[in-house]
Amino acid sequence: MSDAVIRAADIPLWPDGAPGSETWNRPERESVLPPHGIRIVRNVTHPTLTPYLPPAARATGTAVIVCPGGAFHFLAIEHEGTAVAEWLVARGVAAFILRYRVLQTPDDDERFQEEMRASLSDRERMRELFGSITRLAFADGQQAVRVVRGRAAEWGIRPDRIGLLGFSAGGVIAGAVAFQHDEASRPDFAAPIYPAPVEFTTVPSDAPPLFLALASDDDMAVNASLPLYSRWRAAGRPVELHIFTRGGHGFGMRRQGLASDNWIELFTSWLADQGLLPHST
């Protein structure tokens, strides 16, 4: 991590206990997921925000809450989390990695992988499992915006420059909060990156600007993102869509030597177009 990045202590989202999972007691676990060596976090019981803050001289006043993906079974905490946060901080954007609640899984890594494969190969089982966890993860996304906005002055953030950036399952959270929020939890912008489908359909009148990026060889993200783009556009809300020829699902900050590697440069340019960053950043 660069010396210019100020990492603050983790902040509990729900100091009095996360509603709906008060009885969960599995220990949070970090491990590496084969075959690509992805560093993951699972069994998140107590959701937190990890702040990554730029030095005051570089700060732009814009903040991004980063929601890693992982099929609601885990969080891809590095290539969809810390690497993203460090990129943003280097450009004067405060970043907050959200560890939201995911499905409770066996402590043993091999049993976890077997159970996850079984879940993802059975659509009915997957639908049932996701129905139980997405409500809690969505509440964590809303609460994350409230917490950052409530402490904006403390971190040198403008309360009208707080957005959500999510990947895959985290993209579901970013999209869902863009669809449904109150005044305190409304993101000022949202960026679902190769998201899974979002259940909401009615775009609110105060829907925030939306940025979408995905690869054409990722059918799930195509089927989720095109309706989002169409609904935002039909509602007259700002939206930008980038579909790369190749990239697959879950590329995040992993370099593949493809045009999709450049999605984060496009995202930061889009932030500048929204007046959230200087164009020279």
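Evaluation of Pro35 against the conditions (1) crowded, with 16+ Cβ neighbours inside 10 Å; (2) in a loop (DSSP other than H, G, I, E, B) shows that the sole unmet condition is (1).
Among the residues of region 236-281, write down those that are of a type in the set (A, V, I, L, M, F, W, C), touching a helix residue (DSSP H, G or I) at 6+ places or on another chain (Cβ under 7 Å) and within 18 Å of Pro208 (Cα to Cα). Step through it out loud before you land on a result.
Here is the first cut: in region 236-281, the residues of a type in the set (A, V, I, L, M, F, W, C) are 239, 241, 243-244, 251, 253, 258-259, 263-264, 266-267, 270-272, 276-277.
Filter once more, keeping what is touching a helix residue (DSSP H, G or I) at 6+ places or on another chain (Cβ under 7 Å): 239, 241, 244, 251, 253, 264, 277.
Correct list: Val239, Leu241, Leu277.
Residues checked against (1) among the charged types (D, E, K, R); (2) closer than 27 Å to Leu277 by Cα; (3) surrounded by fewer than 20 Cβ atoms within 10 Å (Cβ to Cβ):
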residue	(1), (2), (3)
Ala184	no, yes, yes
Tyr194	no, yes, no
Ala224	no, no, no
Leu258	no, yes, yes
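Reported count of residues in region 217-243, each being under 20 Å from Glu80 (Cβ atoms) and in a loop (DSSP other than H, G, I, E, B), is 2.
Suppose we filter region 197-252 for residues that are among the acidic types (Asp, Glu) and within 21 Å of Gly70 (Cβ to Cβ); how many remain?
As a first pass, look at region 197-252 and keep what is among the acidic types (Asp, Glu): 199, 206, 217-219, 240.
Filter once more, keeping what is within 21 Å of Gly70 (Cβ to Cβ): 199, 217-219.
Counting residues in region 197-252 that are among the acidic types (Asp, Glu) and within 21 Å of Gly70 (Cβ to Cβ) gives 4.
Determine whether region 174-188 contains at least one residue that is touching a Cys at 6+ places or on another chain (Cβ under 7 Å) and modelled with pLDDT of 95 or more. Yes, that holds for at least one residue. Of all the criteria given as (1) over 22 Å from Gly17 (Cβ atoms); (2) in a helix (DSSP H, G or I); (3) not aliphatic (A, V, I, L, M), the one not satisfied by Arg146 is (1). Annotation: of all residues in region 104-140 being crowded, with 19+ Cβ neighbours inside 10 Å and in contact (Cβ under 8 Å) with a residue 60 or more places away in the chain, the one that is farthest from the chain's Cα centre (by Cα) is Phe112. Scanning region 7-59 for residues that are over 24 Å from Leu136 (Cα atoms) and of a type in the set (Val, Ile, Thr) turns up Val32, Ile38.
Among the conditions (1) among the hydrophobic types (A, V, I, L, M, F, W, C); (2) closer than 29 Å to Thr105 by Cα; (3) in contact with a helix residue (DSSP H, G or I) (Cβ under 8 Å, 6 or more places away or on another chain), Phe130 misses just one, which is (3).
Taken as a whole, the structure places Pro195 among residues that are assigned to a loop (DSSP other than H, G, I, E, B), touching a strand residue (DSSP E or B) at 6+ places or on another chain (Cβ under 8 Å), under 30 Å from Met116 (Cα atoms) and of a type outside the set (Lys, Arg).
Give the residues of region 83-113 that are under 19 Å from Val41 (Cβ atoms), part of a helix (DSSP H, G or I) and of a type outside the set (Lys, Arg), sorted by residue number. Break it down stepwise before answering.
The first filter runs over region 83-113 and keeps only residues under 19 Å from Val41 (Cβ atoms), leaving 83-86, 95-113.
The next check asks that each one be part of a helix (DSSP H, G or I); those that pass are 83-86, 109-113.
Within region 83-113, Ala83, Val84, Ala85, Glu86, Asp109, Glu110, Phe112, Gln113 meet the criteria.
Each residue in region 193-235 was checked for being closer than 18 Å to Gly170 by Cβ, of a type in the set (D, E, K, R) and modelled with pLDDT of 95 or more, and 1 of them qualify.
Here are some residues: Leu276, Leu258. Which one is under 30 Å from Arg158 (Cβ atoms), in contact with a strand residue (DSSP E or B) (Cβ under 8 Å, 6 or more places away or on another chain) and at pLDDT 95 or above? Let's see the steps before the verdict.
Numbers: Leu258 fails: under 30 Å from Arg158 (Cβ atoms).
Matching residue, one of Leu276, Leu258: Leu276.
Across region 149-168, which residue is farthest from Pro187 (Cα to Cα) among those that are assigned to a helix (DSSP H, G or I) and of a type outside the set (Phe, Trp, Tyr)? Looking at the filtered set, the residue picked out is Glu154. Going through region 90-103 one residue at a time, which ones are surrounded by fewer than 22 Cβ atoms within 10 Å (Cβ to Cβ) and either of a type outside the set (A, V, I, L, M) or at pLDDT below 90 (or both)? Hits for region 90-103 are Arg91, Gly92.
The values are calculated or read from the model by the stated rules, or taken from the named source; none is laboratory data. Keep in mind that what you see is a predicted model, and the values were worked out from it rather than measured. Every residue, glycine as well, gets a Cβ built from its backbone with ideal geometry; the counts of neighbours run over all protein chains shown.
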